1. Could you count how many residues in segment 324-356 are small (G, A, S) and either without any contact (Cβ under 8 Å) to a residue 12 or more places away in the chain or not assigned by TED's automatic domain parsing to the domain that holds H280 (or both)?
2. Modelled with pLDDT under 85 and either farther than 30 Å from L463 by Cα or part of a loop (DSSP other than H, G, I, E, B) (or both), is that true of E310?
3. Could you tell me which of the residues K29, K51, K60 is within 15 Å of I122 (Cα to Cα), under 45 Å from the mean Cα position of the chain (by Cα) and among the charged types (D, E, K, R)?
4. Among the residues of segment 10-39, count how many are free of Cβ contacts under 8 Å to residues at least 60 places away in the same chain and either among the small types (G, A, S) or outside the structural domain of C79 (by TED's automatic domain parsing) (or both).
5. Restricting to segment 116-130, give me the number of residues that are without any contact (Cβ under 8 Å) to a residue 40 or more places away in the chain, surrounded by 15 or more Cβ atoms within 10 Å (Cβ to Cβ) and part of a loop (DSSP other than H, G, I, E, B).
6. Looking only at helices (runs of 4 or more DSSP H) that fall completely inside segment 20-110, which ones have 1 or more residues that are among the hydrophobic types (A, V, I, L, M, F, W, C) and touching a Pro at 6+ places or on another chain (Cβ under 6 Å)?
7. Determine if segment 99-112 includes at least one residue that is crowded, with 21+ Cβ neighbours inside 10 Å and out of contact with any helix residue (DSSP H, G or I) (no Cβ under 6 Å at 6 or more places or on another chain).
8. I'd like to check which helices (runs of 4 or more DSSP H) are fully inside segment 157-216 and have at least 3 residues that are in the same structural domain as H280 (by TED's automatic domain parsing).
Amino acid sequence: MSYQVIARKYRPQTFDDVVGQHLVTDTLKNAILTDRVAHGYIFSGGRGVGKTTTARILAKALNCIAGPTITPDGTCPSCVEITAGNSVDVQEIDAASNRGIDEIRELREAVRYLPSRDRYKIFLIDEAHMLTTEAFNALLKTLEEPPPRSLFMLATTEPHKLPPTIQSRCQHFAFRLLDYGEIYDRLRAVVADENVSADEGAISTLAQAAEGSMRDGLSLLDQVIAACGQHLDEKRVRQVLGVVPAALLADIMTAVDAADSRRVLEQVGQLAAEGYELAHFCGELTRFVRDLMIGHSCGADSALIQVPTEQRKNIGEISGRFSEEDLSRFFNILLRAESEMRYALVPRFHLELALMKMVHARRLASLETLLSGLGTAALPARSSSVPSHATAPPAARVVAEPPRQVRPASFERPPAERPSPEPPVASTPPPAPVETAAPSAVAGEDPVLAAIKTKVYGQSNFLGSCLEHMTTWHVENGEATFVYAQKDSFFADLLKSREQQETLRTVCAQVLGQPVRICVRLEEQEKEARVERPNARQRAERDQNVEAFRKKFDGTVLDVKDLSRE
């Protein structure tokens, strides 16, 4: 077969040809120039980022007839044989199929002999993490103290599977995934060399589909050239690769913005009917939402967005329809759906559910908002005689009016006591939020309790709203007890937190003039406590020791102090 695929045809042959790994290649070049080449290297990283290619270039640089040199000529017998993979002194071992201890024993025997022709005897072990534990143990001593003029290079995509004893004997270089721009520039150059015309969108689609792997990008380019001929059109390239059109992603987000659930579900049905892989579509939509989030925060021209130029304007327009909170919530929903779809029997259901969550996500209120507004829904309605233009803005209303419980009609303040509506203010911005004032005392309310509520509202609106829901309270034996109905047990639980009790204890001590303990009970618990637990005097009078002492000295109990509550 005479045709050579593009990924092999354009494989880098020198350090300068390696794309995106300058830190690694510069270090290796300096090691060659200063004669500090180590006897063992570990090259790790994702697939198709240049690990094995860099190892071969290092082998050529060391064994080139003009070397050691950082620019091997590529024409000497050693360079030609290493490039072709049939050099006698450079052995490439596939650890995936030669992973046992017997193969490593053969390697140990081979490493004892000097190179046949070249300067170094080099062993390149690809997919090194596939070696068995016994094979690694057999390699340890040889790797630590190899014979002169021998060198080991281990390439792996999973460096964490290499034993620490192996890693400590080698220099480790981590190859990074390539950026979108690096892959795009390389594909553009290869397309020009192959005399193929291509749209910017077509090359951009290939660069995105490569997902950081240069070899994947070149392989995909080979595939679309075979399908499209001498001109690469974006629409055709997307069809060949199964990539969802950008217009469809934008249409989905437009439907989400319009809360059009029918349109969203119809789009999913269309994707399934056209044969798109829904899990792949979910990943594409996740990437699109991520671009919207960056476009909203950093601008559509940010280098963090890896899309063609003509799509940036669209991203900027769509991202402006959502808040950062909306986009972050969408991103989280899609990430979770993408994870669930990998193992789902019916992935379509998970995708539809995720999209429906996105449609309705903007209607949800945060937990903080709900807690801060406890009781606001129960505020008495304003009189219909109040003109609409005199109503305060919503933000000012929330700040100016603390939440309070709806009381029976007999406790309503008379109309004369109700605050008059605020006069309308024309063409002036709303006033800045002011500190919330406590509600006025309700007729018939305990003045001590009213004073406590006033001070509480001055420190915490949330705590004050919780107190509005209690049914009764009392102070006895240094203990302030707040009683709630069973239906308001939620507010009783909130009041039991340590922070709320500390605030309430401080306020009660200031109002009552003495330190007290705070007790929160439901009505049923209060009844049981009053029936089952007598007060301190009753318990003292029933105590046998107290009775015996009183009879012995003919005394009378004047005062009782409950030491158990100190």
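1. Final tally of qualifying residues: 2.
2. Numbers: modelled with pLDDT under 85: yes; either farther than 30 Å from L463 by Cα or part of a loop (DSSP other than H, G, I, E, B) (or both): yes.
Taking the combined requirement at face value, the residue satisfies it.
3. Values: K29 fails: within 15 Å of I122 (Cα to Cα); K51 fails: within 15 Å of I122 (Cα to Cα).
Being within 15 Å of I122 (Cα to Cα), under 45 Å from the mean Cα position of the chain (by Cα) and among the charged types (D, E, K, R) holds for just one of K29, K51, K60, which is K60.
4. Adding up the residues that qualify gives 1.
5. Number satisfying all stated conditions: 1.
6. Details: elements: 22-33, 51-63, 77-84, 101-110.
Qualifying helices (runs of 4 or more DSSP H): 22-33, 51-63, 77-84.
7. No.
8. Working: elements: 164-167, 180-193, 200-210.
Answer list for segment 157-216: 180-193, 200-210.
The values are calculated or read from the model by the stated rules, or taken from the named source; none is laboratory data. Here the structure is a predicted model, which is why all the values come from computation and not from measurement. Cβ: placed from backbone, ideal geometry, glycine included. Neighbour counts: every protein chain shown.
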